[in-house]
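Student: So that we are looking at the same thing, I have put the structure below in structure tokens.
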Amino acid sequence: MRMPARILAVTGLLTAAIVVFLWQSGWLAGLEQWAALRQREAQTMMAGALRGLRAGDPGASLSLMAICFGYGFLHAVGPGHGKVLIGGYGYGAKVPLGRLAGISVVASLAQALTAILLVWGGLTLFDLSRDALTGLSEDHMADISAVMIGLVGIWLAWRGMRQLIRARRSAEDHGHHHDHDHDTDCGCGHVHGPSIDQVTETRSLRDALALIAGIAIRPCTGAIFLLLLTWRMGFFGTGIAGAFAMGLGTATVTLLVACLSVWAREGSFALFSGAGAIGTMSRWLPGMMQLAAGLVVALVALSLLR
């Protein structure tokens, strides 16, 4: 890696480290309080836009979508499980930025879909009240989400441990060479096992589904609020559109987290690249990063349990 690229990569690592430090030290508490206050104001604006929609205001629908998008952004700025999961996975696992960005967007939209299904099913199939639906989301579904996130963290940590074990064996076997090659194809025309690319693709799909499920299982309370209002007013279709607009707003923040996590990962490799003892550490780095990221995700998930 050339020096300018290395400096840029290490800058990403330092930026991520500063953000994590500020978050853990409580210095971002003011930002979180500001976001919570703006969310309450946005809910009031949503109700006003809905009244305008009922009165036939031609610009009310577009105004509502903009408010919902902004609410989703503000919701994601505050503390949340999705950012921890996306950030931890992006830093610990070797995942392309484009794929992680896609997972972030799909997970945010799936979270909106969960809110839609929860409200629709709760009102039409089970005749649940507003308090019952909110309690189901905040209590039971939040705990399920925390458990799923914790399992993803443990899974990442376990994979990190396995990578460290393989790195140790590789170091012990250093200098031992074979005069023949091992491959899944012996030349007989038959493939005797999955290729490395096939295994990677399977694991990537499994990881993506786990990440999306862990985030989507806990719907946004703002989306539930909007959907309940639009249901009572007879504009449920508008509420559905607003919920997805919130999801896109949330996705803007998780996309930033995804970019920062991959940037920090590249910075870690750039910091320990080169010759000598520091360069030798690079064989241990992927396992150490995945183990550390998994433990952080698991600990955060534990703190989310009530």
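Student: Would you confirm whether any residue within region 121-130 is of a type in the set (Ser, Thr, Tyr) and not in a helix (DSSP H, G or I)?
Tutor: yes
Student: Next up: Residues that are crowded, with 21+ Cβ neighbours inside 10 Å, modelled with pLDDT of 90 or more and of a type in the set (Gly, Ala, Ser), at least 1 per element: which helices (runs of 4 or more DSSP H) completely within region 193-306 meet that?
Tutor: Working: elements: 196-216, 221-233, 236-271, 276-280, 285-304.
Qualifying helices (runs of 4 or more DSSP H): 196-216, 221-233, 236-271, 285-304.
Student: Take the conditions surrounded by 15 or more Cβ atoms within 10 Å (Cβ to Cβ), in contact with a Ser or Thr (Cβ under 8 Å, 6 or more places away or on another chain), assigned to a helix (DSSP H, G or I) and aliphatic (A, V, I, L, M) and apply them to LEU53. Does it pass?
Tutor: Working: surrounded by 15 or more Cβ atoms within 10 Å (Cβ to Cβ): yes; in contact with a Ser or Thr (Cβ under 8 Å, 6 or more places away or on another chain): yes; assigned to a helix (DSSP H, G or I): yes; aliphatic (A, V, I, L, M): yes.
Considered against the rule, which asks whether it is surrounded by 15 or more Cβ atoms within 10 Å (Cβ to Cβ), in contact with a Ser or Thr (Cβ under 8 Å, 6 or more places away or on another chain), assigned to a helix (DSSP H, G or I) and aliphatic (A, V, I, L, M), LEU53 comes out as yes.
Student: Further, regarding this structure: With the checklist (1) at pLDDT 90 or above; (2) under 21 Å from the mean Cα position of the chain (by Cα); (3) not hydroxyl-bearing (Ser, Thr, Tyr) in hand, flag the one item ARG51 doesn't pass.
Tutor: Result: ARG51 passes all but (2).
Student: Right, here's the next one. Is there a residue in region 72-85 that is within 27 Å of TRP158 (Cβ to Cβ), among the charged types (D, E, K, R), modelled with pLDDT under 95 and part of a loop (DSSP other than H, G, I, E, B)?
Tutor: no
Student: For the structure I just gave you, tell me whether VAL253 is touching a residue at least 12 places away in the same chain (Cβ under 8 Å), β-branched (Val, Ile, Thr) and more than 30 Å from SER63 (Cα to Cα).
Tutor: no
Student: So which of VAL119, VAL84, VAL77, VAL95 ends up being touching a Pro at 6+ places or on another chain (Cβ under 9 Å), in contact (Cβ under 8 Å) with a residue 12 or more places away in the chain and surrounded by 19 or more Cβ atoms within 10 Å (Cβ to Cβ)?
Tutor: Answer to the check: VAL119.
Student: State yes or no: is LEU13 within 30 Å of PHE272 (Cα to Cα), of a type outside the set (Val, Ile, Thr), touching a Leu at 6+ places or on another chain (Cβ under 8 Å) and in contact (Cβ under 8 Å) with a residue 40 or more places away in the chain?
Tutor: Taking the combined requirement at face value, the residue satisfies it.
Here's the yes/no breakdown for (1) at pLDDT below 90; (2) of a type in the set (Ser, Thr, Tyr); (3) closer than 28 Å to ARG206 by Cα; (4) out of contact with any Lys or Arg (no Cβ under 7 Å at 6 or more places or on another chain):
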{"site": "GLY88", "(1), (2), (3), (4)": "no, no, yes, yes"}
{"site": "TYR91", "(1), (2), (3), (4)": "no, yes, yes, no"}
{"site": "ALA112", "(1), (2), (3), (4)": "no, no, yes, yes"}
{"site": "LEU118", "(1), (2), (3), (4)": "no, no, yes, yes"}
{"site": "SER129", "(1), (2), (3), (4)": "yes, yes, no, yes"}
{"site": "THR134", "(1), (2), (3), (4)": "yes, yes, no, yes"}
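The values are calculated or read from the model by the stated rules, or taken from the named source; none is laboratory data. As the structure is a computational prediction, the values presented were derived from the model and not from experiment. Here Cβ is always computed from backbone atoms with ideal geometry, including for glycine, and neighbour counts include all displayed protein chains.
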